[in-house]
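Let me begin by presenting the structure, written as structure tokens, before commenting on it.
The values are calculated or read from the model by the stated rules, or taken from the named source; none is laboratory data. Computed from a predicted structure; not experimentally measured. Virtual Cβ from ideal backbone geometry, glycine too; neighbours counted across all protein chains shown. Ligands, DNA and RNA are excluded from the accessible area calculation, which covers all protein heavy atoms including side chains. Shrake-Rupley method; radii C 1.70, N 1.55, O 1.52, S 1.80 Å.
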Amino acid sequence: VAPGRRVLQISDSSSRILAGLLEARTGQQLTMSRRWRIETALSGILRERGIGTLDELITILVMGKEPGLSNQVVEALLNNETYFFRDRTPFDTLSRHALPALSVQRAAKKRLRIWSAGCSTGQEAYSLAMLFADQPEQWKGWTIDILGTDVSNAVIDRARDGVYTQFEVQRGLAITQTIRWFEECGDGWRIVEPLRKFLRFRVHNLLEQPPHLGGFDIVLCRNVLLYLSPEKKAAAFDRLASSMAPDGYFMLGAGETVIGQTKKLVADPKARGLYRLDNRDKAERRSGDERRHVARG
């Protein structure tokens, strides 16, 4: 501990209250392995509001005298780690397998819908946009709709602004990409308008109905579900699967799997790291589409 630095401590009961608040608002668990982050995450709120200890903060939360405080605490506890082209391999997999296949399957309509679920401050969504912008001839005349969502209002606001610090831009991007896709501004580096046209952002909880039922050609939900309880994770998988087109693609984080988590999705035998809807789920989806078509008459 650095000299003069105050060590913040929190009681077990207060930790449980915070864990309950986080799970109730977002579905995410504040497991024992993540509780070390509490002090760091909430220290800024203590300074800003002149609160002496973490337990005092919890007391104020429980009393309900500061309505905006609970939102601020939840936002601070969320893990928003991300960077451009994170883990690179998934983006190469999309470029080599999913996108070429979809360019053929969607050639008639020339439209792709992509969902970056749990997008944090937007780097993943903007990285996806760069894949398309780097191949202008391949995607000429196409409508590329990339939706980035996150449960946190604060990170979605940042994603919409599209302004990143020098450090954030350097993580995952080459100098040539920085020059091409950013313009320098007073607060750092802003995504240029030609890239922003692919994207839109909105606040969304994975435990709620997906933005488009059966409409997404690619769904990415990387390093998000691992924070959910088994029950909530199963529910989230169901909702994510229901958002996919029957021949769509799904992607998790490098250390995640669908095995033992859901029966809705299976590994793509042609591309490691990609998942497809299970055949039974596809049949149910088509049957539902046919019923809706008949009902519309």
- line: Checked the range 251-297 for anything open to solvent by 80 Å² or more (accessible area, probe 1.4 Å) and at pLDDT below 60; matches are 286, 290, 291, 292, 293, 294, 295, 296, 297
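Scan the range 102-117 residue by residue and report those that are open to solvent by less than 30 Å² (accessible area, probe 1.4 Å) and out of contact with any strand residue (DSSP E or B) (no Cβ under 6 Å at 6 or more places or on another chain).
Step one: of the range 102-117, the residues open to solvent by less than 30 Å² (accessible area, probe 1.4 Å) are 102-103, 112, 114-117.
103 - this is the single residue of the range 102-117 that is open to solvent by less than 30 Å² (accessible area, probe 1.4 Å) and out of contact with any strand residue (DSSP E or B) (no Cβ under 6 Å at 6 or more places or on another chain).
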Verdict on residue 30 being touching a residue at least 12 places away in the same chain (Cβ under 8 Å) and assigned to a helix (DSSP H, G or I): no
task: Please report, ordered by residue number, the strands (runs of 3 or more DSSP E) entirely within the range 78-193 with at least 3 residues that are modelled with pLDDT of 95 or more.
output: 111-117, 143-150, 188-191
query: Got at least one residue in the range 78-90 being over 16 Å from the mean Cα position of the chain (by Cα) and open to solvent by less than 20 Å² (accessible area, probe 1.4 Å)?
result: no
message: Checking residue 141 against (1) open to solvent by 20 Å² or more (accessible area, probe 1.4 Å); (2) over 25 Å from residue 103 (Cβ atoms); (3) of a type in the set (Gly, Ala, Ser), only one condition comes out false. Which one?
response: (2)
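Could you list all residues from the range 26-66 that are charged (D, E, K, R), closer than 14 Å to residue 79 by Cβ and in contact with a Ser or Thr (Cβ under 9 Å, 6 or more places away or on another chain)?
Pass one, the range 26-66, residues charged (D, E, K, R): 34-35, 37, 39, 47-49, 55-56, 65-66.
Next, only the ones that are closer than 14 Å to residue 79 by Cβ stay: 34-35, 37.
Residue satisfying the conditions is 35 alone.
Go through 40, 121, 82 for me and flag whichever is within 30 Å of residue 178 (Cβ to Cβ), polar (S, T, N, Q) and without any contact (Cβ under 8 Å) to a residue 24 or more places away in the chain. Spell out how you get there, then give the answer.
Working: 121 fails: without any contact (Cβ under 8 Å) to a residue 24 or more places away in the chain; 82 fails: without any contact (Cβ under 8 Å) to a residue 24 or more places away in the chain.
When all the criteria are applied, what remains is 40.
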- prompt: Looking only at residues in the range 152-196 that are farther than 26 Å from residue 74 by Cα and among the hydroxyl-bearing types (Ser, Thr, Tyr), which one is surrounded by the fewest Cβ atoms within 10 Å (Cβ to Cβ)?
  reply: 176
query: Quick one: residue 234 ticks every box in (1) within 28 Å of residue 22 (Cβ to Cβ); (2) not in a helix (DSSP H, G or I) bar one, so which box is it?
result: (2)
field: Of the criteria (1) farther than 24 Å from residue 13 by Cα; (2) loosely packed, with under 14 Cβ neighbours inside 10 Å, which one residue 98 fails
entry: (2)
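Taking the range 57-73 only, how many residues are within 24 Å of the chain's Cα centre (by Cα) and without any contact (Cβ under 8 Å) to a residue 60 or more places away in the chain? Talk me through it step by step, then tell me what you get.
Taking the range 57-73 and keeping what is within 24 Å of the chain's Cα centre (by Cα), we get 68-73.
Next, only the ones that are without any contact (Cβ under 8 Å) to a residue 60 or more places away in the chain stay: 68-70, 72-73.
Qualifying residue count, the range 57-73: 5.
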